[in-house]
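Here's the structure we're looking at; comments come further down.
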Amino acid sequence: MVKGYSYIRMSTDIQLKGDSLRRQMEMSERYCEENNIELVESIQDIGVSGFRGKNTSEGSLSRFLKVVDEGKIDEGSYLIIESLDRLSRDKVLSAFGIFSSILSKGVTIVTLQDNQVYTSETVNENPGQLFLSLGVMLRSHDESKTKSNRLLSVWKHKRENYKSKILTSRCP
């Protein structure tokens, strides 16, 4: 039976209070059931950002990528993710490097949100799929960059006005 590895990531552990973990797990389990794939592991990065590549440099995904590189994951195995933005929100070339590295080792990437199945063959034969993946990666990074810039601006303003306004609701 083909092996499947689900990858679940959320940037903050506060998101555990919501529905993200359950939703991502159920989607992965359902996909495996419907496609006769043995779900052998759920790789989770909870509270790990994908914006600056922390998940690929020191998170659980980094360990998975290492075993893929070492050839310890069977060719034809599946990496199942909700969307490519779970895999990475890093700059497009960095995100695409991770994506293409996984595919080049014979691991199929499935994105559940848009029902895409990526293999090195499908990406090479279908430029539309390549453009779609790059578009998702670009959008993901841009969204995170915009949020980051907004937060930086808010905190800059708070620091400039610390004498006249309360900086935070948390007290020492």
Among the residues of segment 29-70, write down those that are within 17 Å of Leu112 (Cβ to Cβ) and basic (Lys, Arg). Arg30
Residue by residue through segment 97-142, note down the ones that are under 19 Å from Gly76 (Cβ atoms), among the β-branched types (Val, Ile, Thr) and not in a strand (DSSP E or B). Ile102, Val107, Thr119, Thr122, Val123
Limited to segment 72-83, what total is found for residues that are surrounded by fewer than 12 Cβ atoms within 10 Å (Cβ to Cβ) and of a type outside the set (D, E, K, R)? 1
Filter segment 34-48 for residues that are open to solvent by 30 Å² or more (accessible area, probe 1.4 Å) and assigned to a loop (DSSP other than H, G, I, E, B); which is nearest to Met10 (Cα to Cα)? Gly47
Checking Asp74 against (1) modelled with pLDDT of 90 or more; (2) within 18 Å of the chain's Cα centre (by Cα); (3) not aromatic (Phe, Trp, Tyr), which test does it fail? (2)
Identify, please: which residue in segment 117-132 is in contact with a helix residue (DSSP H, G or I) (Cβ under 7 Å, 6 or more places away or on another chain) and within 22 Å of Asn35 (Cα to Cα) and is, among those, modelled with the lowest pLDDT? Gln129
Flag for Ser104 being within 18 Å of Glu26 (Cα to Cα) and surrounded by fewer than 22 Cβ atoms within 10 Å (Cβ to Cβ): no
Are there any pairs with C-beta distances below 6 angstrom linking a residue in segment 95-106 that is of a type in the set (Lys, Arg) to a residue that is surrounded by 15 or more Cβ atoms within 10 Å (Cβ to Cβ), with the two at least 6 apart or on different chains, and if so which? Lys105/Val68
Does Val68 satisfy being closer than 18 Å to Asp90 by Cβ and either more than 14 Å from the chain's Cα centre (by Cα) or modelled with pLDDT under 90 (or both)? yes
Could we say that Asp69 is under 23 Å from Met1 (Cα atoms), open to solvent by 60 Å² or more (accessible area, probe 1.4 Å) and in contact with a Gly (Cβ under 9 Å, 6 or more places away or on another chain) here? no
One residue from Arg30, Arg86 being assigned to a helix (DSSP H, G or I) and open to solvent by 40 Å² or more (accessible area, probe 1.4 Å): Arg30
For segment 49-65, indicate whether the set of residues that are among the hydrophobic types (A, V, I, L, M, F, W, C), over 18 Å from Lys3 (Cβ atoms) and in a loop (DSSP other than H, G, I, E, B) is non-empty. yes
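The values are calculated or read from the model by the stated rules, or taken from the named source; none is laboratory data. None of these values were measured; they are calculated from a predicted model. Note: ideal-geometry Cβ built from the backbone for every residue, glycine included; neighbour counts use all protein chains shown. Surface areas here come from the heavy atoms of the whole protein model, side chains and all, with no ligands, DNA or RNA. Shrake-Rupley method; radii C 1.70, N 1.55, O 1.52, S 1.80 Å.
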